[in-house]
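Report on the following structure.
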Amino acid sequence: MKPNAQTGITLETIMQVQKEVIILHEKVNTIRSRMIPIQEDMEKAFQEYQNEIRTFLLRWKQLDFEIKNRKQKPRDTDEKYKTLDDEKKPERNPEDNKNPEAELKTDLPKPIRKTREEERKEELLEFLEWVLSDQSKENEKLLSNLIRMNEKPSLGLADMLERIPSTLLEKQIAEDEKNLLGWHTRLKNWHNALSQRLSIIEDQEARMCSDQRYALLQQKKQGTNIWNSFLEYHRQKLKIKIRQLEAELRKIKEQA
């Protein structure tokens, strides 16, 4: 196929971008599918750890709070520094500052302008409505889920692309071969969104591995005996801290 006279875009160029889009999509889904079960296991290990030490942790925090509270000097209240003039000053009524002329003015409604992200999300829906011509339950469910996602400003194009099977991203619509620029632009938008998403989740995965809950999970994976010994060690550690704080609190009470 001849390149577009103005842009120089060829079918080969488009196929290359499409190939990169599929690779990015698969990388994103691979990392996502790898992270989800680890995050779930991390949360389970953390909850188990919390359940084992919660009673001791609460006691330690209560004692620590009481000691700090007793050590803190009482602060002078602002009432001491109130002058007679301050007491005589009448309170300002916020209504007095209102400009009567301003109340008469009515703001004209501002036109709603779609952001680029909103436009690209809608373009994706239009593309899917074309390629999902088969009205199967699976396709209907996918489309309805994506329509709901499109309505949420907090979700972007990348969120929607993640939900789509990669095979659909290889499809083309009727006008694509006549409009190489439009086809290329659509693929580039997907490429940019997925590239940014890949960078984000790679960073998330790196941070996940440095999370304390991840360290707990690694500890738990070493076996039941080692995990139980680990929990007992932290229980004993908190008990020692509690005894130290109880002794400090008794001393403070005796000196009061």
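Mind ordering 133-142, 57-66 by average Cβ neighbours within 10 Å, highest first?
The densest-packed peptide leads the list: 57-66, 133-142.
What list of ³J(HN,Hα) couplings, whole Hz, do you get for the range 185-193 from phi and the Karplus terms 6.51, -1.76, 1.60, once you set θ to phi - 60° and write x for glycine and proline?
With the stated coefficients, the range 185-193 comes to 4, 4, 5, 5, 4, 5, 4, 5, 4 Hz.
At a probe radius of 1.4 Å, what is the per-residue accessible area of Asp211, in Å² to the nearest 10?
50
With a 1.4 Å probe and every protein chain left in place, tell me how much accessible area Tyr233 has, in Å² to the nearest 10.
We get 130 Å² for Tyr233.
Which parts of the range 27-66 would a label at Leu249 reach, counting a residue when its backbone N lies under 16 Å from a point 7 Å out along Cα-to-Cβ?
Residues 55-66 qualify, since their backbone N sits under 16 Å from the label point.
What nm value, rounded to one decimal, do you get for the distance between Leu57 and Lys221 when each label is placed 7 Å out toward the C-beta?
Result: 2.2 nm between the two label points.
Heads up, I need the accessible area for Arg250: 1.4 angstrom probe, whole protein in place, Å², nearest 10.
140
Over 18 Å between Cα atoms: which of Lys114/Lys152; Lys137/Lys171; Lys44/Lys237; Lys61/Lys237; Lys68/Lys241 fall into that group?
Violating the 18 Å Cα-Cα cut-off are Lys137/Lys171; Lys44/Lys237.
For a quick check: with amide H placed at 1.01 Å from N, whose amide H comes under 5 Å from Asn179's, ignoring anything fewer than 5 positions away on the same chain?
Counting only residues 5 or more places away or on other chains, the set is empty.
The values are calculated or read from the model by the stated rules, or taken from the named source; none is laboratory data. Fair warning: this is a prediction, and the values are worked out from it, not measured in the lab. Cβ coordinates were reconstructed from backbone atoms using ideal geometry, including for glycine residues, and neighbour counts include every protein chain displayed. Remember, those area values only see protein heavy atoms, side chains included, never the ligands or the DNA or RNA. Shrake-Rupley method; radii C 1.70, N 1.55, O 1.52, S 1.80 Å.
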